[in-house]
Amino acid sequence: MTTIRRFCCNDLLRFASVNLDHLTETFNMSFYMTYLARWPDYFHVAEGPGNRIMGYIMGKVEGQGESWHGHVTAVTVAPEYRRQQLAKKLMNLLEDISDNIDKAYFVDLFVRASNAPAIKMYEKLGYVIYRRVLRYYSGEEDGLDMRKALSRDVEKKSIIPLKRPITPDELDLNPPLPEVDVIVPSTPPLASSSSDDSSSDGFADDPAQDGADGPADDDPDDPDLLDCADVPAGGPTDDPLDDSSSGDSADGVDIEFGWQQF
C-alpha cells in the first residue's frame, strides 16, 4: 500500500533514496524549509511499505488576478518505484489543491526544450506549451513554460500561447494575458503513459533541467520517470520567493490531508 501525505521536517532526513538519484537535483535545507513553511499544502511525499519514501512533489501558489496559479517546483520518483504512475498521482494532487482549494486559474511548470520525453508526458497530462524562455537553463538552453488551465479559467485564456519567445528578465509573476484572437489549443486527455526524466520546477528533471531526461533504455511512456525542477541558469535560489518562474484514493494509494486519511 502506498500513502501520499504531507511532507514533514523529518522527511528531510529520509529522502536520500530519491535525491541520490543522478537525475534528481537537490537544494539546500533552507529552500525546502521555506516551501514547507509557506506552502505545506503543495509539498507531499509518497510513502511505501516500511515507511520508505518513494517520491515527492514540491510546489507553490502565486500570482495575482487571472495570473493566480499553482506551480510545480519539483516532482520526482525514486528509480526503484517508477512505472507505478506515482508521478501522475502527485501531479493530480497538486492540481486538485490548486483548483479546488486555492481556486487558481492554471498550473504551470518549466521544462528544458530538449527534454522531449518530459514534454510528451506533460502533454498527456493536459499541459500545453505557453511560451519559450530563451537561455533559461545553464548551458544556454531554452526552457518551455507549460500550463494546464483549471476550472476557474472557463475561457482557457491562460493557455493561449504567446507568439514570440521571451528572455528570463521578462518573466513576471503577473504577465498580461494575450488578446483572445488566437485559437485555443485543445487539452489532451489524461493518459497513464509518460516519460523518463530528470527534472523538477515542475511540473520533472535536474533543476537546471526541468522535465524528463532519463536513461535511454527507460520506457519513454512511463509517467514516473520524472524529476521536474525549474531552476534557471543561475542555479537554485536560496529564497524560493524569488523564483520567477481534495484528493481521492485510487489504485492502492491513500491520500492524506493533515491527519485525515481518505
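Values quoted throughout were computed directly from the atomic coordinates according to the rules given, and no laboratory measurement underlies them. All values derive from a computational prediction rather than experimental measurement. Reconstructed Cβ throughout: ideal geometry from the backbone, glycine too, with neighbour counts over all protein chains shown.
Kirkwood analysis of the stretch 34-97, using all unique Cα-Cα pairs, places the hydrodynamic radius at 12.5 Å. Computed from backbone phi with θ = phi - 60° and the Karplus coefficients 6.51, -1.76 and 1.60, the 3J(HN,Hα) list for the stretch 61-78 is 10, 7, x, 9, x, 6, 9, 5, 8, x, 9, 8, 7, 7, 8, 8, 10, 4 Hz; x is used for glycine and proline.
Across the stretch 96-105, computed HN-Hα scalar couplings (Karplus, 6.51 cos²θ - 1.76 cosθ + 1.60, θ = phi - 60°) run 4, 5, 4, 7, 8, 9, 8, 6, 6, 8 Hz from first to last residue, x flagging Gly and Pro. Taking amide H as placed 1.01 Å from N in the peptide plane, the amide H of residue 104 sits under 5 Å from that of 99, each at least 5 places away or on another chain.
Remark: 136, 81 ranked as 81, 136, counting other beta-carbon atoms within 10 Å and listing the fewest first. Could you state, as a whole-number percent, how many of the C-alpha pairs of the stretch 16-131 are farther apart than 23 Å? Counting every Cα pair in the stretch 16-131, those more than 23 Å apart make up 30 percent.
Ranking request for peptides 161-168, 103-110: highest mean number of other beta-carbon atoms within 10 Å first, then the rest in descending order.
Working: 161-168: 12.8, 103-110: 26.4.
Those peptides, ordered most packed to least, come out 103-110, 161-168.
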